[in-house]
Amino acid sequence: MTTVEKHEFPMTRTCPFAPPPAYEEIREEDPVSKVGLPDGGWAWVVTRHEDVRTVLNDRRFSADRQHPDFPQLVKGGFRRKGDERTMITMDAPEHGPARKAVLGEFTVRRMEALRPRIQEIVDGQIDALLAGPKPGDLVEALSLPVPSLVICEMLGVPYADHGFFQEHTAKLIKRATPPEERRAAFDTIRGYMEDLIAKKEENPSDDLLGRQIVKLREDGTYRRASLAATGFLLLVAGHETTANMISLSTVAFLRNPEQLAAIKADPGKTLDAVEEMLRYWTIVDAATARLCVEDVEVGGQLIKAGEGVLALGYAANRDPRAFENADELDIERGARHHVAFGFGPHQCLGQNLARMELQIVFDTLFRRIPTLALGADVDDLPFKDDANIYGLYRLPVTW
């Protein structure tokens, strides 16, 4: 057991296709150990697959980011008691009703009803890519517009405003954003969402936000600030994560032509490929921070109430105890037990939507542009090493 912080979080990748080397070292030698945090504090990191799932499914680990002892993962991180909380920062008993209120919007059946529209969006963006110059930027042409258009239409947010909220989202997820800029970006998007909802209140539209207004009014629980918090969460999470997964997975497919050939020959394998890409990249590693609220032993280590915990999904998803040859990309492995969407009561609400978007993009992109190739060396690609959500700033492609 480590009693001093040997490593500082966040840790740096030395290869864009692998976790920071320290993740393997910690997982194999000292799987529950202390790391230093940007604000000068420390937290436990939990790195093995079984232990990560244990933490994320145990109510003795709180998700309440407003608690003064909650681990701060960016320098100058802020917590304000007056802020309306989103469901990912709630514990039981508040969390269950908040999640249940919107869960029906993300069922497999409702997502399947969206499939034709998502397909239409993907085809339209690929048409524009093909009509444009070579090389084209896949991030600008496809990766970012597809999930942005989808989540905007679902929520009832004007897509014409996408540049505005993407600009402020980028400030939220960049680690080096000064604290005052991060707070301003947070307040700006929240304010935008409150103003939009205020306009919908008079005549609620048939979209997620409009339906929530009607439903919550009927239940007698409607509060504009609360719905704005939910809209904020879904808007930010709904485009940034999937956009980065599209770009990174495209690179992985083009670097592994035998894996790409498998889904081209049998599109029935695409869903398995989606799961493997989610496991392989695990682009969000900081959302699973927790605060221990009652002494509990994890992986043989006693964690005391008041101590912070980082359940590192990327380390867990490369754990050889859970995945054979875990550092290899293998779309045939059957990786559904990964924790890229988290685990337990807080696992990603929009995972069915993300899976569908990725499936449609992979099947359509490589069918319509069979000669797709990288337009730059991998070593020259601008990976998001400075962000809390991993991805690519640009992805030059040609055909």
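The values are calculated or read from the model by the stated rules, or taken from the named source; none is laboratory data. Computed from a prediction, not measured in an experiment: that's the story for all the values here. As a convention, Cβ positions derive from the backbone with ideal geometry for all residues, glycine included, and neighbour counts pool all protein chains shown. Ligands, DNA and RNA are stripped out before the accessible areas are found, and what is left, the full protein with its side chains, is counted by its heavy atoms. Shrake-Rupley method; radii C 1.70, N 1.55, O 1.52, S 1.80 Å.
Worth pointing out:
- Exactly one residue out of 315, 335, 305, 322 is under 18 Å from the mean Cα position of the chain (by Cα) and either part of a strand (DSSP E or B) or closer than 30 Å to residue 42 by Cβ (or both), and it is 315.
- Region 122-143: number of residues that are of a type in the set (Val, Ile, Thr) and either in contact with a Cys (Cβ under 9 Å, 6 or more places away or on another chain) or open to solvent by less than 10 Å² (accessible area, probe 1.4 Å) (or both): 2
- Residue in region 254-268 that is within 19 Å of residue 18 (Cβ to Cβ), open to solvent by less than 40 Å² (accessible area, probe 1.4 Å) and touching a Pro at 6+ places or on another chain (Cβ under 9 Å) present: no
- With respect to the conditions (1) basic (Lys, Arg); (2) surrounded by fewer than 16 Cβ atoms within 10 Å (Cβ to Cβ); (3) in contact with a strand residue (DSSP E or B) (Cβ under 8 Å, 6 or more places away or on another chain), residue 290 lacks only one, and its number is (2).
- Flag if residue 17 is open to solvent by less than 30 Å² (accessible area, probe 1.4 Å), out of contact with any helix residue (DSSP H, G or I) (no Cβ under 9 Å at 6 or more places or on another chain) and under 29 Å from residue 335 (Cα atoms): no
- Contact map, region 216-234: residues that are open to solvent by 80 Å² or more (accessible area, probe 1.4 Å) paired with residues that are hydrophobic (A, V, I, L, M, F, W, C) and in a loop (DSSP other than H, G, I, E, B), Cβ distance under 6 Å, separation 6+ or inter-chain. No pairs are found.
- Residue count for region 293-318 satisfying the condition of being open to solvent by 40 Å² or more (accessible area, probe 1.4 Å) and within 25 Å of residue 12 (Cβ to Cβ): 1.
- Residue in region 352-371 that is loosely packed, with under 15 Cβ neighbours inside 10 Å and not basic (Lys, Arg) present: yes
- Residues of region 360-399 satisfying the condition of being part of a helix (DSSP H, G or I) and either within 19 Å of the chain's Cα centre (by Cα) or within 17 Å of residue 240 (Cα to Cα) (or both): 360, 361, 362
- Single condition residue 204 does not satisfy, out of (1) buried (at least 16 other Cβ atoms within 10 Å of the Cβ); (2) under 20 Å from the mean Cα position of the chain (by Cα): (2)
Yes or no, residue by residue, for (1) among the hydrophobic types (A, V, I, L, M, F, W, C); (2) in contact with a Ser or Thr (Cβ under 8 Å, 6 or more places away or on another chain); (3) in a loop (DSSP other than H, G, I, E, B):
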{"site": "35", "(1), (2), (3)": "yes, no, no"}
{"site": "39", "(1), (2), (3)": "no, no, yes"}
{"site": "50", "(1), (2), (3)": "no, no, no"}
{"site": "84", "(1), (2), (3)": "no, yes, yes"}
{"site": "104", "(1), (2), (3)": "no, no, no"}
{"site": "112", "(1), (2), (3)": "no, no, no"}
{"site": "115", "(1), (2), (3)": "no, no, no"}
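- Annotation note: Cβ proximity below 6 Å between a residue of region 239-251 that is closer than 21 Å to residue 164 by Cα and a residue that is part of a helix (DSSP H, G or I) and of a type in the set (Ser, Thr, Tyr) (sequence gap 6+ or interchain) occurs for 239/148; 240/169; 243/143.
- Residue 46 being in contact with a His (Cβ under 9 Å, 6 or more places away or on another chain), in contact (Cβ under 8 Å) with a residue 40 or more places away in the chain and surrounded by 14 or more Cβ atoms within 10 Å (Cβ to Cβ): no
- Count - residues of region 155-184 that are assigned to a loop (DSSP other than H, G, I, E, B), modelled with pLDDT under 95 and surrounded by fewer than 18 Cβ atoms within 10 Å (Cβ to Cβ): 3
- Which numbered condition residue 92 fails, given (1) touching a Lys or Arg at 6+ places or on another chain (Cβ under 7 Å); (2) surrounded by 13 or more Cβ atoms within 10 Å (Cβ to Cβ): (2)
- All told, residue 187 falls short of being among the charged types (D, E, K, R), open to solvent by 20 Å² or more (accessible area, probe 1.4 Å), at pLDDT 95 or above and in a helix (DSSP H, G or I).
- The selection criterion, being at pLDDT 95 or above and more than 19 Å from residue 302 (Cβ to Cβ), does not hold for residue 50.
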